[in-house]
Structure formats: structure tokens, C-alpha cells
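A short worksheet on the structure shown next.
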Amino acid sequence: MELPYLEDVSPGTGSLPPRAWYARSDATSLSLNGSWRFRLSPAADTADDSFASDGYDAGAWDTVAVPGHWVLQGHGAPIYTNMVYPFPVDPPRVPTENPTGDHLRTFDLPDDWPTTTIGGATLRFDGVESCARVWLNGTELGEFKGSRLPHEFTVGHLLKPSGNVLAVRVHQWSSGSYLEDQDQWWLPGIFRDVTLLHRPEGCALDFFTHASYDHRAGTGTLRVDSDVDGRVTVPELGVDVATGESVTVDVEPWTAETPRLYDGVLATPGERVPLRIGFRTVAVEDGVIKVNGRRILFRGVNRHEFHPQTGRALDLATMRTDVLLMKQHNINAVRTSHYPPHPAFLDLCDELGLWVIDECDLETHGFTEQGWRGNPVDDDRWTPALLDRAARMVERDKNHASVIIWSLGNECGTGRGLTAMARWIRARDADRLIHYEGDATCADTDMYSRMYADHAEVERIGRREDTDGPRSRRHLPFILCEYGHAMGNGPGGLSEYQALFDAHERNQGGFIWEWIDHGLAHPEFGYAYGGDFGEELHDGNFVCDGLVFPDRMPSPGLEAYKRVIQPVGFAYDAGAGTVRVTNLHDFADLSHLSFEWTYISDDEASEGGELAVPPELGPGESVELKLPDPPLASRDAETFLHLAAMVGVTTTNWTKLDHGVARAEFRVSPRPAIPPATGERPQREGDFITLGPGTFDARTGELHTLNDIPLTSAPRLDIWRAPTDNDNGASWQGGQRNGLVWRELGLHRMQHRLDAVELTDELLTVRTRVAPAARDIGLRTVYRWTSDATRLRLAVSVMPEGEWTVPLPRLGIRLGLPAEYGVAQWFGGGPCEAYPDTAAASDIGTWFMQVDRMQTPYVRPQENGARADVRWAELRAGFDGEGVRVAGEPAFWFTARRWTTEQLDAATHRTDLVPGDTVWVHLDHGQHGIGSQSCGPGVLPQHQLHAAPAEFAFTFARRDAAPQVPPPVGPPPGRTSP
Ligand code: GAL
């Protein structure tokens, strides 16, 4: 049976050979973006193409915006699956129910269109998902697949000065869908630009800029190969050579840290094309990836193209925002997971400086469900389609300095087709490296790449002791193309990975999975994820696993990552009063930065000045500097030294003066002891016991009022947290999935049995046992209350009973205050959320924030918002209102929110969380770490919270209303600089 074009395995027919992409030249072009007529059919009726014929009246049709996805414009709905195909796997056949969008656009040529030479014109589609058939003025041009790749057609002979009709039929499903099983929403449509390009006589066709850098000589060698002969000029370098001719000149090299570009022009007889040339040489030497002779370290992210309103149709401003945010968070590399991005994004990477792994639009992950049977990458019939994809990527993007590695695709298993792609790419472009993760033998690649390998394995690999693969592999450099799964709260454990990248030359860093949460804006849910559109098969919120929220607000995970990968290191020697500053850049000196020291104290005093770090300090170099004596250390207050590097001397092209780049803090004097709160006698009066400022229920021993504030919930032991995505883990991950085990054990419904309420001289003791129904495990918990008349101290001791085989989610107390106590101030870690293994960006200071702003708005609600290392915290009625002050012994984790943990746990979307009449306050002695188990390793042993005997105390005092000028309101969790 002959299959229709959408189901045959061919990449398409009728389009031009792939070539270099450029945004501008002096040839005229016409954007065909805008409002198009649109009609959706439930099936791919390939027979009726009458809509494409001259004179068809589409006046009754709806309209959609191009670029765009029709499912985000009121026609049909998006579908989210991670790796399963949302249709039966019977390649290359697709379902009869195949939403098909007919698009029509009429256009006139602009007045300045060179009609005298109308002959040459090309129609370019930059991205259509998943298969398109195209007609111009009633003549069929051809059809194509390869959604995130450009396709061009010759159309000059068909153009009219006015009334041109462009008709495009787009099928959601095609044979190409089998090759595009990336973990993301399925979003059909013409989602990138459509452009008509005038092609004058003698215009440039394809050209390839080769610009290498010899780091020994300090010279660059340029050669532009062009299908059409012409000249290449680079005025700044005095270069004026014929195409195909090499020239060597003194240049400054291009690197991601120093993205030096030279403007040039390729002039063919009929066209002048601007060139942006970056000189750099990438190679593997001695088992290490080097650029311009130096080892580089990837501090990377995986970036899908995503916008909460427009899906994969991104405007230029959004692309620029992504690159700026990355640069501002010390990120130096992007893997374009899992397809070539809009080419304008690569222009920005060239200009602003990011290393790019450009990945081909290829993933066949769903075949793993069939034991990889029928996998297209191991079936010769599909090889032409694979080669077409490889060529379209390489030809389009080959002139970008930022692209240093080609990636064959993602999660395709192994097969001959991949080898064919690698061979073709090597033959076409010998100057870049090849990446592919899915083949453990690394037969086709220049590097060993893995995703989500745990720390121990990364250490082994770093030592070149990975004996589970061929010996040849051990000579290759290593990268983690994905790690640190940023789903929900997290990822944890990044500092420990970074230490392994620093310790072993072979370990050249990695790429966090992933840049952005793909939550689609939704009127009911806030942001929607898989299942919210009624999909039959879906993978829930696994699509929300980014370092920025859907609106691109940085998450605490991004703040932590920024700190972990900061390009300046600080080590303090308290004895000598010196700091060792190390330049951790791979290429740049420190001349763009200024440095600052500050001593800060608990009593809000601070003192600071400039730290004279030599600007010429080169990459990898260190300097030891004497610090001024800690001026505040003699006071009776805990003091910290903060050191910061800021963009200072000049603004960069990615941020302005005073932007924080790196930061560290060190304690220079200890915390003074809290004066004991003893002396008062508890008094029983009827149903109540009074002790200093506290009133207790005499029967239960529960605290009812504190300084006249009626507590809405008495302090008591709490171990439950709304499991994070990383607590819940993924089914395919090894190791215990704590979030599930906790619930199974009943840790979310602990019962508090009262054993005794005892009054002695200076002590009110409440003895309890806290345990889940149906289990014999428990926590014997004793609350001991004392007071010195003005303050009330609670000492909690916890003794586990039975066999605890899981870590505890948290260990602390929770209490409820009336809703008006909605402003927090604390001395401790902030301003952003932190957990034991995500605390890199948590800085000790005095922070001031509304409780509402202490919440981290994960798309699927879960545990969030803890502040680390808190010495004391206050909750006040208004910014200068009265309230409660609590000091911890030792420092504690502080969390406050307007809903309970149970409500947080039950919520599935942000909109489920509605403030109640209580501010719930958690004062935690311990928190379990976060880890990355939603798609990676769990919590490292040193960050786990185990049930063990514990003692901790809190001293409560009244916080008087203070008509004082409050310190500035702390920034929200998503601030962009330290
Ligand atoms: C990887 C895959 C990504 C994404 C991630 C989990 O296996 O390459 O596309 O699915 O896991 O979020």
C-alpha cells in the first residue's frame, strides 16, 4: 500500500537544499507573519485541496496568529506526554484522527519589491509542526516534515504584485512525529516565522564561515566558502579577500566569557550579507575539551523553547530575556534540548556569549516501551529522514561562533542511522565536536555524556575508572548533558557535583534539566500541566521542571545554581585575617568586577569597604588579601563577613553596574548565648495554667495564649511536609521513594497521645507520644516550658521508638497565629528559600518580608519557603506592629504560610491555595534534604534527616510595636542578584 506523504518516511519533496540562515541582507524580504485564515479538520483529508485553489473564499473561516499553535488559540487542546507516543506505535502510520489545520494568507508584494527582477524569490518556513503541504497561487510547492528545521521553496515564478494566496495544510501527526518524541507538549501549528525572501540575480546561496584561533600565535584564520563567488571584508581587521581564500590576522578570540565578534560582509554579485565572525578553535586534546587551548567547564542548562501563552512560538524579546537571565545567573552554556532553536536565539548566544550544544530535532524515546523494536534510528528506511534533519541543522547553524558541539538528538537508543548522521556531520564540519548521550560505547561521539549519573559515579568517571564501557571511552572527556532535575522544589546536591567538576579535569561540567517550567497559562489553574486538558495519556507535572517559573521568574533553584557556579571563589582564613580570592573563569580576568567586604551583625550594625582584588588576576589564579580587622567583632553580637564580586568597572553587554556575580560569607564571631528564661512558677487556675506570658489548657498542656495573643493552634511536634516532586521520586529511579513511603507509613496523620501534664517548681512538663495509626513506630516527645516572667521557653526533646527505616520529612513544631501577624522579620538565612542541600544562595542577614511573599509558587504546590539558619524570627501585625519574637537554640528552619501543610499537600495547582484565618508558623530543628530523585539521585547521606534523639528549644517573647523605620522589604524569592 502506498502511503500518503504525511505517513511515508521521506523528509518531504519540493523544497530547496538546506543552507545557511541569516536574518538580514540587503535583499528585500517580506514577513508573512500575522493573522492567517484558519480551518481545523478532525482528520487528514488529503484528497480535498480545493482551499488552495485560486479564488477560494475563506471569508467564513476563523483566524489564527502565525507564528502560533492552533491548540493554544481555541482550536483543540495541547497534549503532554514525556516519552509515550499519544498514538498507537505502528510506524510510520499515524491515526485517522489527525487534527489538520488549513492556513490561508493573502499578500501583496510591497511597493519596493524589485518587480523588474521578480524572477528570484524564496519562501521560507522556520518551523511547522509536524508536517506541512504548501501551495502558492494554486500551485503546489511540496510538502515537508522536520518541525523545528527550516524549509525553503522557490516561488519567484509564481508571484504576482498583489493578491498572492499562500495555502498551508498542517497535520498534527505524521511519520515525523515518530522522530519528535521529546518530553514536552505536543503543539501543532506554524510556530516560527514565514518569510518571503527576494533572491536577486547573483545572490548568496549557501556559505560557510570558518574562523579559527591559534592561541599560541594569537591569530585568527578566516575563510568563507560560498556557493556563489564573492568577496569577504572585515574592515576592523583590514581583511578583504575572495571567498574560498584564507587569511590570517591578529585577533581577539571569541569565548563565551569574552564574546568578541567582528563585523564583516560577504558580497556576492547580487547581495551583501552581514557576517558576525567569532574566532575560536574547539578540540579534544589529552582527553579534555578545549577551546583556544584551554579546558572549559560547562555551567549549563537545557533549554526548551517555551512561553506560557504561546508555547514554542517565541518572540525576540523572550529569547533575549532567556539569554540575559542565563548570563546574569553565571550560566555559560546551553544545550538546545532537543532540537535546534529559533535561529535568532543563536545570534544572541554569539553576541552575549554562551557555549552551545546544538541538538538535532530527533527523539524516538517512545520505542523504549517496545524494547526499541522498530526504532527508526536503526532502520535504513528512515536514514534519509535522519540525514535530512542533520543537514538542515548543520547547514542552518554552521556560521555561529557559539555552536561548538553538534548533538545527534536525544534518547533514540542506538542504531545505524545515528552513525550515518555522525559521519555526514564530520565530513561536512570537521571543526566541531559531536555529542550523543544514548550510546554507552561512544562510537560516534567525541565525548562521553550521561544524564542524571549520581555523585559516586561521576567521581569514578572523573578518575577515568568507568570500567562498564569500552576502554576507548575512558580517553574521552565527560559531560553531564542533563543533571540536577529542577522539578518543583530543588534540585539539591549541586554543590557536590560542582566539587567533582573542579576536582577532575575529565569532568567538564553539565547542564541542569531544565531551564523553564512548561506550565501553560490557564484561567482556572493558573498554570496547566499534563492532564489539565483531559488528555487520555499524560505525564502530569513532569513538564514543570525548570529553573525559572513559566513567567520566567527565577526560582530559588536558579539562585542556588548561580552561587554554585559562580566564577569567583573566596576562602577566609580567620586566624590570619586574610581572604584568598580565586578567579574561576576559564578565560576572563577580573577587570569587569569590583569587590566588597562587609561585616554584619545581629544588631543590624554593618561596616564595609572595597576589597582591592587585582583586576588582571587571570583565570585559575588566586590572590591572598589582608582584610581590615572585624570592627564589629568586639560587640556582643554574632558577626559575619560577607564578600561580594559585582559587575563594577564597566557595564557588560548582559548586565549593569552593581549586579552581583559572586558572594561568600564567613562567621567571624560566635552567637551570644540566649539568657535563661527561668524563675517563674507555673500556676494552675481552674482549667488553665499560667506561666509567665503564657496561658495553657490545664488538661492538655497546650499553650493557648502568648502575650495576650490567642493562638489559633498550639505549638506541637510536626514532622510532615507536603512531599516535593523530588521526595516523590520517579518510578524508574532506584532507591526508596520517600514521599510515597512517608504517606504509606501515615506520617501525614500523626496522632498525639497525651501521657502527662506535670507542674513542678519552675517547670511545666507535657509528655506525649506522637505516632501514626497502624504502626509501632513513634516519637516520644516531651515539651518543657519555663519562664522568667516576660519570656517563655519551650524545650522539646524527641526520642524515636521502634524501627524507623525512612528519614523524617522535617522535625520541629508548628503553631498558628491570627491572620494579622502577616509580616516576618528574621536574622538568619535569606532572602530566598533554602533546604539542607539547596542552601548555596542563603545569606545570613536581617530580612524583612510579608508572609505572602515568603511562598515559592511551584506550579504544583509542595513544601517550600523554609529559611535556613534562623537565629530569631518575629511575626508582626504590620510592618511596625506588635507581635511575637522567637529565638532558637540552636538556629532553626523558619517557615510561615497562610495555609496548612495538609492544604498545601492537597493542592494540585496554585489556585487551590487560599489564605485562611491563620498564619501557620513552622520552627524546625531539622529538614530532610531535597535531592533530585524526580529524575536523578536522591538526597546525599549528609543531607538526610534521620529519626534520632533530638533536643531543641525556642524562647518566645513579646515584640512591641515599634514606630521605627523598617529596613527595606526583602526582595521576593526570585531576586536576580545576591
Ligand atoms: C531526560 C530527557 C528529558 C526529560 C528529562 C526529565 O531523560 O532527556 O527530555 O524528559 O529526562 O525531565
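The values are calculated or read from the model by the stated rules, or taken from the named source; none is laboratory data. Not measured: the values here are computed from a predicted model. All Cβ positions, glycine included, derive from the backbone under ideal geometry; neighbour counts span all protein chains shown. Ligands, DNA and RNA are excluded from the accessible area calculation, which covers all protein heavy atoms including side chains. Shrake-Rupley method; radii C 1.70, N 1.55, O 1.52, S 1.80 Å.
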Over all directions, what mean area does the Cα convex hull of segment 578-716 project, stated in square nanometres? 13.7 nm²
Taking the convex hull of the alpha carbon atoms in segment 336-379, what volume per residue do you get, in Å³? 77 Å³
I'd like the Kirkwood hydrodynamic radius of segment 806-951, using the inverse of the mean 1/r over distinct C-alpha pairs, in Å. 15.7 Å
Given the candidates PHE587, ILE709, GLY270, the one whose Cα lies deepest towards the positive end of the charge dipole of the chain, counting +1 at each Lys or Arg C-beta and -1 at each Asp or Glu C-beta, is ILE709
Computed over segment 690-745, the ratio Rg/Rh where both radii use C-alpha atoms and Rh is Kirkwood: 1.32
Restricting the calculation to Cα positions, tell me the Rg (one decimal) and the Dmax (whole number) of segment 660-803 in Å. 19.9, 61
Protection proxy ranking of 692-701, 669-678 - average other beta-carbon atoms within 10 Å, highest first: 692-701, 669-678
Dipole of segment 683-959, Cα-centred, from +1 at each Lys and Arg C-beta and -1 at each Asp and Glu C-beta, to the nearest 20 debye? 240 debye
Counting all Cα-Cα pairs in segment 1-44, those more than 14 Å apart amount in percent to 76 percent
For segment 1-141, report the % of Cα-Cα distances exceeding 25 Å. 39 percent
Peptides 308-316, 122-130, 519-527, 907-915 ordered by average Cβ neighbours within 10 Å, highest first: 122-130, 308-316, 519-527, 907-915
Under a plain spin-label model, where a point goes 7 Å from the Cα along Cα-to-Cβ, how far apart in nm are ARG853 and ASP539? 3.7 nm
Placing unit charges on C-beta atoms (Lys and Arg positive, Asp and Glu negative, everything else neutral), compute the dipole magnitude of the chain about its Cα centre in debye, rounded to 20. 1200 debye
For peptides 779-785, 33-39, sequence by mean Cβ density within 10 Å, most packed first: 779-785, 33-39
Considering the dipole of the chain built from charges on the beta carbon (Lys and Arg +1, Asp and Glu -1) around the Cα centre, which of VAL564, PRO628, HIS642 is farthest to its positive end? PRO628
Ranking LEU763, LEU717 from most to least accessible area with a 1.4 Å probe gives LEU763, LEU717
Calculated from DSSP helices alone, with each H run of at least 4 adding -39500 (n - 2.57) and the total divided by the residues of the chain, [θ]222 nm to the nearest 500 comes to -3000 deg cm²/dmol
Kindly give the semi-axes, whole Å and largest first, of the ellipsoid equivalent to segment 858-899, taking each as the square root of 5 times a Cα gyration tensor eigenvalue. 21, 17, 7
Over every pair of different alpha-carbon atoms in segment 136-261, take the mean of 1/r and invert it; report that Kirkwood radius in Å. 19.1 Å
Classify segment 207-282 as rounded, prolate or oblate, taking a ≥ b ≥ c as the square roots of the eigenvalues of its Cα gyration tensor: rounded when a/c is under 1.5, otherwise prolate if a/b is larger than b/c and oblate if not. prolate
Report, to one decimal in Å, the Kirkwood hydrodynamic radius for segment 296-563 based on all distinct Cα pairs. 19.1 Å
Report, for the chain, the % of DSSP beta bridges that are antiparallel, rounded to 5. 90 percent
Grab every C-alpha pair in segment 365-476, bin the distances at 10 angstrom width from 0 up to the longest one, and report whole percents. 13, 40, 34, 13, 0
Quick check: net charge around ILE190, other residues with Cβ under 13 Å of its Cβ, Lys/Arg +1 and Asp/Glu -1? +4
For segment 390-441 and segment 807-835, what is the centre-to-centre distance using only Cα atoms, to the nearest Å? 49 Å
Only four residue types carry charge here, +1 at the Cβ of Lys and Arg and -1 at the Cβ of Asp and Glu. Report the dipole size of segment 296-563 about the Cα centre in Debye, rounded to the nearest 20. 960 debye
Which whole number in µm²/s is D for segment 462-570 by Stokes-Einstein, with the Kirkwood Rh taken over Cα pairs at 25 °C and 0.890 mPa s? 153 µm²/s
Farthest towards the positive end of the dipole of the chain, among HIS342, ALA77, THR655 and with Cβ unit charges of +1 on Lys and Arg and -1 on Asp and Glu, lies the Cα of THR655
What three numbers, in Å, describe the spread of the alpha carbons of the chain along their principal axes, ordered from the longest? 103, 63, 58
I want the local charge near ASP466. Using Cβ-Cβ distances under 12 Å, sum +1 for each Lys or Arg and -1 for each Asp or Glu among the other residues. +4
